[in-house]
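Read the structure below first, then the notes.
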């Protein structure tokens, strides 16, 4: 159920303040420069704003646009929908984004997202003629895809680059920067300060508990980004999993793997050598914990791996999008990580209540118990994303 956002800023500020007070902090947001400092916009004329996008391009865009397209920045449709409280202004998006929407709670909260077109782009292949025919006011794209950015510009489209990697896979800072950029483009919905304050307070609260841990007290975590009978891809030192481990006080079992992104292919022999305490499976694969417990994938034998022997295999939550990446659910996913890794350190956390308050107070969304339960026990179908 969607509710009004009346008084949400006051409520969220109070939540963030409580987190800070738990730590004895005098201020939040001290980790690095704030999004407001790095994403300044200027207003050259009524109804437009000149921004610097994440590809460091200066772009003049209409404020509060009513027709936008989101291409290869996969979490952004969900972020934009929750940010605006509606998907009605989104004309088209990637099929992979739609699959997550259908198999998560996003389509329950905002059923209009199911009407968004998904035939404009598949992978790097963009149907420019169909895109132009939609007459979008803004086309959002992955800032790292400079070829696509040039193609959009050459077609006379107003393109805005959004980056998932510019901030070194730091999910909190990256989400802060996305919201800061959106808040410039949509000045009627500026929640950048609230988002940054809450997320930073959550990070600081967890760091205060896990930072003193000695190396031998830290859990070793192996991320399975993708896993089936043909391939096993983890998160090495250059992917989001490394940040999740650092932020939650864990050791990344695969931190010696230098290959970035989805190039970090590993073998069972490496898994045996690392012998992780915990295995976390993302929603970019259909594999579930039971598949490891039951040795259901190919000929791989997981029975001797500590995480499997001790029942410490988890599927990442599927909130309004796949939570391995930055997005709306990032601060609450960090709370989830902390509670599964070090439950004794965080008796103050009540995940169900905290998720409900977070969505209600910041985004005006009232989640049911069933929806929260579904977020933390996702089905396999969302893992089909290519």
Taking residue 157 as the residue in question, decide whether it is modelled with pLDDT of 95 or more and assigned to a loop (DSSP other than H, G, I, E, B).
-> yes
Do the conditions hold for residue 114, that is, is it in a loop (DSSP other than H, G, I, E, B) and touching a residue at least 12 places away in the same chain (Cβ under 8 Å)?
-> no
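Conditions (1) surrounded by fewer than 18 Cβ atoms within 10 Å (Cβ to Cβ); (2) over 22 Å from residue 378 (Cα atoms); (3) in contact with a helix residue (DSSP H, G or I) (Cβ under 9 Å, 6 or more places away or on another chain); (4) at pLDDT 95 or above, marked per residue:
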site	(1), (2), (3), (4)
56	yes, yes, no, yes
81	no, no, yes, yes
85	yes, yes, yes, yes
100	no, no, yes, yes
111	yes, no, no, yes
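The values are calculated or read from the model by the stated rules, or taken from the named source; none is laboratory data. Values in this document were obtained by computation on a predicted structure and should not be read as measured data. Ideal geometry is used to build each Cβ from the backbone, glycine not excepted, and the neighbour counts take in all protein chains shown.
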